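The values are calculated or read from the model by the stated rules, or taken from the named source; none is laboratory data. The structure displayed is predicted, hence computed values, not measured ones. Here the Cβ positions follow ideal geometry from the backbone for every residue, glycine too, while neighbour counts run over all protein chains shown.
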Amino acid sequence: MTASSTKSSTQLPDAEALLPADAVISSARAADGHTELTVDRSRLLEVLRTLKERPELDCDLLLDICGVDYPRRDQRFEVVYHIASLARDHRFRVKVPISEDDATVPSAYGIWKAADWFEREAYDLFGITFEGHPNLKRILTHGGFHGHALRKDYDPGQRWLLTEEDSMVPAWATEELTDEDHLESQVLNLGPSHPATHGTLRVVVRLEGETISKAECEIGYLHRCFEKMSETHGWNQVIPYTDRLNYCSSMINGVGYALAVEKMLGVEAPPRAQAVRVILSELSRIMDHAVCLGANLVDLGALTNFWYFFQPREEIYGLLEACAGGRLTVSYARVGGLAHDVPADFEERVRYLLDYIPKFVNDVEKLITTNKIFRDRTEGIGVVSPEDAVAWGWTGPCLRASGVPYDVRKAHPYMGYEQYDFDVPVASTGDTYARYLVRMEEMRQSLRIIRQAIDDLPEGPVITDDHHVALPPKEKVYTEMEALIWHFKLIYEGIHVPKGDAYSFTEGANGELGYYIVSDGSGHPYRLKVRPPCFAIFQAFPHILEGHMVPDAIAILGSLNIIAGELDR
Amino acid sequence: MRQPDGSSSMLTTRVDAMLRWVRKNSLWPLPFGTACCAIEFMSVVSSHYDLARFGAEVVRFSPRQSDLMIVAGTITDKMAPVVKRIYDQMAEPKYVISMGACACTGGFYRAYHVVQGVDEFIPVDVYVPGCPPTPEALMHGVIKLQEMIQNGETQYDRFKHQELDTTA
């Protein structure tokens, strides 16, 4: 089931020539590799449809839609679309400026189903209306909320209380059924505090007998205002917040964010820092998969595996604690490198883990992979076709389980992933069992990467010596005037990230983790949008559920690995 | 109690002291886990740290079957009515441990959608600091709660008579 991904690298076509005439106001090649198009909203759908349907462009994956607020501009809001082509290596950023009085944009839901929740989020947080969206209502904040929180003039100190009467109940759940079989039908609520949701998710389903005929998800129970908070913090101070996005693999988030800022600054972390980042990120990926599979198996009644997976996790925690001081939320990455060097016995401990982890993976494999009960409950359950997975904006292990070999580490290598030899596991059936198999194999591939990285771990510093970005060493601050000035300026003013925007993406444990950053040149981000992989995956969940039974819903949910911190931010 | 040599001995105590001793050693936690702290809570009940050593390993997700609510993670305004409802559904005596900075004070999320400490709407017995607290810290919290139960210092002990008065 393992297959290397093949990358068909094609020259970026001249986009403007292929798009409808006069539809694009301006087009430019951005520094982050995206082709940036500014489009008037009257021509938006035309442009988006051409991007998707024209074979030379072939943009099948809608990654993100977000709003940005510029109160001083005539056209106050900007809706930003990030679109990629899986077959060809190009990416587009489409911007649509709109004014405050008429903040309306046509919905892209008819082109990519992935637009569904992303548009709802922009509606919730910016008050931008998407015409033609099937279910445009608040998604992250609650029913009793007033205003749009990410607008620059929204006072973050004000709170709105929710009473139980305001909590979401879908309209279809309360309507009377007139059909004569309605005695068989009932509405069941799962969550937000339910042992099988492993987080704060809520699913309302209508049952016909035992079969789910309709479902709707409610999220936002862990909306902690990450994006608003980051607008008031310095560039490095955002890193602790990123740790708490996907808290099962916090290192990956921090590294992804640091890479995004480094991209804007044009600095690169030293080789040793890169290698350590790779090692710890891959260990985090293993932990994330272990939690996902362990929890999935517990829900299916296989408790032992949960303990098997938690034991190596404790060992990895031990290593992270030795490096960074924290177990779960490490805050180890810094813009330009790492907070400090790894402990002296780092190599020894990593090698110990390399020997220690496979034993547990093998044990679980022996117990589960050919287990009849497990296979009966997962094979053919929650099948997602490759076309659907791409249309919903899926990435990561769930997409690869459906047979699409897209992995950011292979397709757009960063942090030196091109020098490591590893395979991208792909399954073809797209069911819950396939997602299990892909995650199991990915843990082995991660171990392979770690082994190569630790074998030639470079010596040297772990943070850049560019003192616009990183503090000079303390001993120099005490002895050299220049270093003292750098230290002072960096502490008081922070890092000056050049004005502009960039989208940077890495392979998180759940899929493509993107950071879209807008900087106004000051010491903190102007706008920071996270593209959480779970968000795109979970929006397909109600659609997958239809026709399944409630116990299947639990099995499918576990296999999607929805992490509330990342989902709701 | 019958001794090995055939003689009998007796243990005298007060009923409430006996009950407290029983209660403190058989806490059944309801993990109200929402975020990162819930992952650390999983570590605490797993084999490495093993909360069973303190008699608190029987994790129950039903409020009817548990007497210790561990609020592990950030509580948002959207979640607040749910926490309150589940707390109300628990049978008395009931205790609350607030695990982590977010549950104690809102932590470093000081913005429009985050409850600035669960004690805004439910009484908390033990606050465990940390972001997230280490497993040792949570175990310290559980031991502290056991001491408080033994000494009759919990919120339940403080307010039980008052509540009886109001219902009467």
note = Condition set surrounded by fewer than 24 Cβ atoms within 10 Å (Cβ to Cβ) and in contact with a Ser or Thr (Cβ under 7 Å, 6 or more places away or on another chain), scope the range A:284-313, selection nearest to residue B:36 (Cα to Cα): answer is A:310
inquiry  = Out of the residues in the range B:99-112 meeting the condition of being surrounded by fewer than 24 Cβ atoms within 10 Å (Cβ to Cβ) and touching a strand residue (DSSP E or B) at 6+ places or on another chain (Cβ under 7 Å), tell me which one is nearest to the other protein chains (Cβ to nearest Cβ).
reply    = B:106
message = Checking the structure you have, find out if any residue of the range B:90-98 is facing chain A (nearest Cβ under 9 Å), touching a strand residue (DSSP E or B) at 6+ places or on another chain (Cβ under 6 Å) and buried (at least 17 other Cβ atoms within 10 Å of the Cβ).
response = no
message = Take the conditions buried (at least 16 other Cβ atoms within 10 Å of the Cβ) and either under 30 Å from residue A:236 (Cα atoms) or at pLDDT 90 or above (or both) and apply them to residue A:464. Does it pass?
response = yes
task = Only residues in the range A:542-565 that are farther than 13 Å from residue A:380 by Cα and within 14 Å of chain B (Cβ to nearest Cβ) count as the first member; pair them with residues that are modelled with pLDDT under 85 and surrounded by fewer than 24 Cβ atoms within 10 Å (Cβ to Cβ), Cβ under 6 angstrom, at least 6 apart or cross-chain, and list the lot.
result = A:554/A:196
key: When residues of the range A:216-231 are limited to those that are facing chain B (nearest Cβ under 7 Å) and in contact with a helix residue (DSSP H, G or I) (Cβ under 9 Å, 6 or more places away or on another chain), the one farthest from residue A:524 (Cα to Cα)   = A:221
ask   = Condition test on residue B:115, is it closer than 29 Å to residue A:160 by Cα and crowded, with 23+ Cβ neighbours inside 10 Å?
value = yes
inquiry  = Looking at the range B:27-62 only, could you name the residues that are closer than 21 Å to residue A:569 by Cα and either touching a Cys at 6+ places or on another chain (Cβ under 6 Å) or more than 10 Å from every other protein chain (Cβ to nearest Cβ) (or both)?
reply    = B:41
inquiry  = Cβ contacts < 8 Å: first residue touching a residue at least 60 places away in the same chain (Cβ under 8 Å), restricted to the range A:23-50; second residue surrounded by fewer than 17 Cβ atoms within 10 Å (Cβ to Cβ), any location; separation 6+ or different chain. Result?
reply    = A:31/A:500; A:41/A:104; A:45/A:110
inquiry  = Among the residues of the range B:15-35, what is the count of those that are over 13 Å from residue B:143 (Cα atoms) and surrounded by 18 or more Cβ atoms within 10 Å (Cβ to Cβ)?
reply    = 8
task = Sort out which residues of the range A:472-500 are free of Cβ contacts under 8 Å to residues at least 24 places away in the same chain and within 16 Å of residue A:266 (Cα to Cα), and write them in order of number.
result = A:499
ask   = Can you find a residue in the range A:84-102 that is more than 21 Å from the chain's Cα centre (by Cα) and part of a helix (DSSP H, G or I)?
value = no
query = Among the numbered criteria (1) hydrophobic (A, V, I, L, M, F, W, C); (2) within 14 Å of chain B (Cβ to nearest Cβ); (3) assigned to a loop (DSSP other than H, G, I, E, B), which single criterion is violated by residue A:108?
reply = (2)
Enumeration of residues in the range A:503-533 that are over 13 Å from the mean Cα position of the chain (by Cα) and either within 17 Å of residue A:122 (Cα to Cα) or surrounded by 22 or more Cβ atoms within 10 Å (Cβ to Cβ) (or both) = A:517, A:518, A:519, A:525, A:526, A:527, A:528
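Yes/no per residue for (1) in contact (Cβ under 8 Å) with a residue 40 or more places away in the chain; (2) away from chain B (no Cβ under 14 Å); (3) of a type in the set (S, T, N, Q):
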| site | (1), (2), (3) |
| --- | --- |
| A:235 | yes, yes, no |
| A:238 | yes, no, no |
| A:256 | yes, yes, no |
| A:260 | yes, yes, no |
| A:264 | yes, yes, no |
| A:268 | yes, yes, no |
| A:287 | no, no, no |
| A:294 | no, no, no |
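Residues checked against (1) over 22 Å from residue B:44 (Cβ atoms); (2) in contact with a Lys or Arg (Cβ under 6 Å, 6 or more places away or on another chain):
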site: B:91; (1), (2): yes, no
site: B:100; (1), (2): no, no
site: B:107; (1), (2): no, no
site: B:114; (1), (2): yes, yes
site: B:130; (1), (2): no, no
site: B:137; (1), (2): no, no
query = Looking at this structure, is residue A:63 at pLDDT 85 or above, closer than 22 Å to residue A:407 by Cβ and buried (at least 16 other Cβ atoms within 10 Å of the Cβ)?
reply = yes
ask   = How do the pairs read when you match residues in the range A:192-213 that are under 23 Å from residue A:142 (Cα atoms) and at the interface with another protein chain (Cβ under 9 Å from one of its Cβ atoms) with residues anywhere that are assigned to a loop (DSSP other than H, G, I, E, B) and of a type in the set (A, V, I, L, M, F, W, C), using Cβ under 6 Å and keeping only pairs 6 or more apart or on different chains?
value = A:195/B:61; A:200/A:222
ask   = For the range A:135-149, does any single residue satisfy the condition of being within 14 Å of chain B (Cβ to nearest Cβ), in contact with a Gly (Cβ under 6 Å, 6 or more places away or on another chain) and either surrounded by fewer than 23 Cβ atoms within 10 Å (Cβ to Cβ) or among the aromatic types (Phe, Trp, Tyr) (or both)?
value = yes
Among residues of the range B:80-98, those that are of a type outside the set (Val, Ile, Thr) and touching a Pro at 6+ places or on another chain (Cβ under 6 Å), counted = 2
inquiry  = Within the range A:107-125, does at least one residue satisfy the condition of being surrounded by fewer than 23 Cβ atoms within 10 Å (Cβ to Cβ) and touching a Gly at 6+ places or on another chain (Cβ under 6 Å)?
reply    = yes
task = Determine whether the range B:74-84 contains at least one residue that is more than 8 Å from chain A (Cβ to nearest Cβ) and hydroxyl-bearing (Ser, Thr, Tyr).
result = no
task = Kindly indicate which of A:288, A:299 is among the acidic types (Asp, Glu), out of contact with any helix residue (DSSP H, G or I) (no Cβ under 7 Å at 6 or more places or on another chain) and in the same structural domain as residue A:549 (by TED's automatic domain parsing).
result = A:288
query = Is there any pair with a first residue in the range A:316-332 that is in the same structural domain as residue A:276 (by TED's automatic domain parsing) and over 16 Å from residue A:241 (Cα atoms) and a second that is surrounded by fewer than 22 Cβ atoms within 10 Å (Cβ to Cβ) and among the hydroxyl-bearing types (Ser, Thr, Tyr) whose Cβ atoms are under 7 Å apart and which are 6 or more apart or on different chains, and what are they?
reply = none
Residue in the range A:162-184 that is nearest to the other protein chains (Cβ to nearest Cβ), counting only those that are at pLDDT 70 or above and under 27 Å from residue A:534 (Cα atoms) = A:162
